[in-house]
Amino acid sequence: MPNLKDIKTRINSVKNTQKITRAMKMVAAAKVKKAEYTVKASRPFSSELLIMFKRMLATIGEKSEFQDSGEKYENAINNYPALLTRRDVKTEGIIVITSNKGLAGAYNANIVRAVLKRIEENSEKGIETKLYVIGQKGVSALQHQKGTNIVKKYIAVMDNPNSSGANIIAEDIAKDYVNGEIDKIEVITTRFNNMMSYSVQHWELLPVEIEYNEEEHKLDALMEFVPNPKAILKEIVPMYITNEIFQAILEAYASELASRMTAMSAASNNAEEMINELTVAYNKARQSAITNEIIEIVSGAAALEG
């Protein structure tokens with residue numbers, strides 16, 4: 001017969017756990033609404049900036065207007081000639097965006113799985129992979145994996161996503177790209193779809209892939225750059241790199257909260273089912289114990305009468 005005290009203790013333990021999961025669900029739900037608004041509000045700007053940047057490169061690229069003129073740059077992010085240079089890929093840098101906290105379902109595991117797959121693909125091509133990992137969970141999962149090389153770690157960024165963190169990351173990867181330590185930069189993160197879903201995505205950050213369309217290019221030829229293309233490139237290249245990283249962080253943050261809300265909701269529901277099952281087991285055990293006591297009393301009374 002199950003021990004009534006053990007069942008009661010387990011019921012209380014599950015109830016305490018349920019209180020935690022419900023609280024975490026409520027916190028995530030409160031934060032995800034704001035994160036959803038922020039990420040959706042920033043998408044139009046990011047999309048138009050990328051389109052404008054690629055059209056500009058398609059227009060002036062043939063004239064080599066962005067070639068290095070020997071100008072000195074204080075920060076690597078401003079060195080647009082070097083950042084727009086294409087070369088044979090021997091080393092690829094991957095910006096990996098994960099969370100600092102767990103209890104978010106398979107959120108971090110899905111990202112890590114995509115990173116490991118990409119590393120394996122690069123290895124087959126003879127390409128070295130360097131990782132720039134954002135988030136403690138990504139660092140913990142990847143640092144002991146065979147074949148991984150984490151060159152930079154960014155933990156505090158995911159506690160409070162903002163443009164300052166994106167600026168630091170952008171300067172670090174720009175410096176390595178300009179110095180020739182990496183020949184290509186990709187981002188692996190999640191895209192927020194809605195409260196119930198997200199998707200793991202990766203895209204190329206540098207070098208910029210120019211989408212040439214002859215019909216559109218005829219219109220681009222009429223574009224005028226004031227004061228000149230170089231001055232505009234000097235401003236737009238850092239803006240493009242930083243904004244792409246910042247947008248990726250916002251997408252990841254919203255995805256993490258949505259995944260945690262869903263996971264904690266499922267955990268709370270499972271706890272409720274477990275409590276119901278344990279309560280039924282407790283009642284059956286208690287009823288059995290009472291029945292046995294009655295039988296003992298009746299048997300005792302019958303023995304005395306006999």
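The values are calculated or read from the model by the stated rules, or taken from the named source; none is laboratory data. These figures come from a predicted structure and were not determined experimentally. Glycine also receives a Cβ, built like all others from the backbone with ideal geometry; neighbour counts cover every protein chain displayed.
Filtering the range 140-164 to residues that are in a helix (DSSP H, G or I) and surrounded by fewer than 20 Cβ atoms within 10 Å (Cβ to Cβ) leaves S140, A156, S163, S164.
Scanning the range 119-169 for residues that are over 19 Å from I185 (Cβ atoms), of a type in the set (K, R) and more than 18 Å from the chain's Cα centre (by Cα) yields one hit, K146.
So that you can scan it fast, the table gives a plain yes or no per residue for (1) surrounded by fewer than 22 Cβ atoms within 10 Å (Cβ to Cβ); (2) in contact with a strand residue (DSSP E or B) (Cβ under 6 Å, 6 or more places away or on another chain); (3) among the basic types (K, R):
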residue	(1), (2), (3)
K125	yes, no, yes
G135	no, no, no
N167	yes, no, no
E171	yes, no, no
K175	yes, no, yes
N194	yes, no, no
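Given the structure, is A30 outside any loop (DSSP other than H, G, I, E, B), of a type in the set (G, A, S) and at pLDDT below 90? Considered against the rule, which asks whether it is outside any loop (DSSP other than H, G, I, E, B), of a type in the set (G, A, S) and at pLDDT below 90, A30 comes out as yes.
Among the criteria (1) at pLDDT 85 or above; (2) under 30 Å from N193 (Cβ atoms), the one S13 does not fulfil is (2). Would you call G180 at positive phi and assigned by TED's automatic domain parsing to the domain that holds P207? Answer is yes for this residue. Being without any contact (Cβ under 8 Å) to a residue 24 or more places away in the chain and charged (D, E, K, R) is a property that does not hold for K90. Applying a threshold of 9 Å to beta carbon distances and a minimum spacing of six or more residues, or different chains, the list of pairs starting in the range 239-267 at a residue that is without any contact (Cβ under 8 Å) to a residue 12 or more places away in the chain and ending at one that is assigned to a helix (DSSP H, G or I) and aromatic (F, W, Y) is empty.
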